[in-house]
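Down below is the structure, laid out as structure tokens.
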Amino acid sequence: MIPSVLPTYNRAPLHFVKGEGAWLIEEDGRRFLDLGSGIAVNALGHANPDLTAALTEQASKLWHVSNLYEIPQQQALAGKLVEVTFADTVFFTNSGTEACELAVKMARKYWYEKGEKEKIEILTFSGCFHGRSSAAIAASGSEKMVKGFGPVLDGFVHLDWGDHDALNEAITDRTAAILIEPVQGEGGIRPLPDQCLKGLRKLCDEKGILLILDEVQCGVGRTGRLFAHEWAGVTPDIMMVAKGIGGGFPLGAVLATEEAASGMVAGTHGSTYGGNPLGCAVGKAVIDRISDPAFLDSVNASAGLLRQKLEGLVAAHPDTFEEVRGMGLMLGLKCTPKAAAADVVKAGYAAEVITVPAADNVVRLLPPLNITEAEIAEALARLDKAATAVEAA
């Protein structure tokens, strides 16, 4: 008999009932150190008092009115995002998947309104993950994502990661945009080198195409800058954001320049829940905190300490780990052929530490951005215990 909850997830046998900062409490009382943050969502940890206050205050006033009316909280968050980013305008969604749908529509509508209706193709890269909607799985193109869900949406060209010659050859009169993650998350914590991101920006400018960045997982302070592309000193035309922007509340956004968004006029897109007062009140509190330069300095300090400790862990367990990869507090432990990332994650449950598996046999570490030095030390002790258990199995 099918379960009452559709069985599309392979869930761990854990039942968390409470969260406190970087900690999750199981119903049996065990305390787990959370290095997954709900897959980079709980950027300020669980039950953060500032976010709780913002949500509670708004919940006592107004929850939902729809986008038929002006929403002051939405305007406040949009204004803050425009102030601290490249963007001129923002559309709010409920998720990264919805952000992907709009980013694709926005790019194609831009060229349609310019009279270049043939420009519909979007170039994407192996290992990418942009969500699970029809457009997002078509953007991925991998068998794992699209098998059984055909016909697949047309208009995406899939290229190998790092193949510069193939990229140049793929650009034609039909190319509308390049879509890429500055740091691949699901793909195994693969950062795009700064020079490559600069090169993509230059290429898009030379060829007259749009650059779309997916910062759903790597954005909102995760790499030590407010958004990961800032490290390369470039800006996109369109950017997808979600996960950390709501600090645990479902919220996403598409940020864009005035030019790139010029085709999106009244009636071309919408959302019933997107940008509701609750989500935007929490999102404003998140961005106010994380955009503070002093806070980002603390993220970089914590990231440096965690990476140093992880390098020591790799050295101590050469049969389990090959390397540390990633940026800021978006890090991955690449496992050796002798050890499966899934086994390390499972051993972590026994050691009461939460991590997240990824492709390329990588264990993702995505702790809250405000994790403490003491919690980092405890994390390493528990990861060491997990690695020892894998080696003993």
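Work out the charge dipole of the chain with +1 on the Cβ of Lys and Arg and -1 on the Cβ of Asp and Glu about the Cα centre, then indicate which of MET106, PRO13, ALA228 is farthest towards its positive end.
Value computed over the given set: PRO13.
Show that you can apply the helix-only estimate: for the chain, add -39,500 (n - 2.57) for every DSSP H stretch of four or more residues, divide by all residues, and state [θ] at 222 nm to the nearest 500.
-11500 deg cm²/dmol
Express the relative contact order of the chain as a whole percentage, based on alpha carbon pairs under 8 Å and six or more residues apart in sequence.
This gives 23 percent for the chain.
If you rank ARG11, ARG31 by fewest surrounding Cβ atoms within 10 Å, what's the result?
The order, fewest Cβ neighbours first, is ARG11, ARG31.
Counting other beta carbons within 10 Å of each residue's own, what order do PHE86, PHE16, PHE92 fall into, fewest first?
The order, fewest Cβ neighbours first, is PHE16, PHE86, PHE92.
DSSP loop trypsin sites (Lys or Arg not before Pro) in the stretch 43-127 with at most 15 other Cβ atoms within 10 Å of their Cβ, which ones?
Answer by residue number: LYS61, LYS114, LYS117.
So for MET330, MET240, fewest C-beta neighbours within 10 Å to most, what's the order?
In increasing order of surrounding Cβ atoms, one gets MET330, MET240.
May I ask for the distance between the Cα centers of the stretch 252-294 and the stretch 129-146, given as a whole number of Å?
24
Hey, in the GNM for the chain with a 10 angstrom Cα cutoff, which one of THR336, THR355, THR235 fluctuates hardest?
Top of the fluctuation ranking is THR336.
Straight distance only, please: which lysines reach the Cα of LYS202 with their own Cα at less than 21 Å, same-chain residues fewer than 8 apart left out?
LYS119
Can you tell me which lysines have their Cα less than 18 Å from the Cα of LYS117? Leave out same-chain residues fewer than eight positions away.
Qualifying lysines at Cα under 18 Å: LYS105, LYS109, LYS207.
If you place +1 on the Cβ of every Lys and Arg and -1 on the Cβ of every Asp and Glu, how big does the dipole about the Cα centre of the stretch 1-82 come out, in debye to the nearest 20?
In total the dipole reaches around 100 debye.
With the dipole of the stretch 50-290 worked out from charges on the C-beta (+1 for Lys and Arg, -1 for Asp and Glu) around the Cα centre, which of ALA281, GLY244, ALA135 lies farthest toward the positive end?
Of the listed residues, the answer is ALA281.
Quick note: the coordinates plus some simple rules give every number you see, no bench work behind them. Note that the coordinates shown come from a computational prediction; the quantities given were computed from them, not determined experimentally. Positions of Cβ are backbone-derived with ideal geometry, glycine not excepted, and every protein chain shown enters the neighbour counts.
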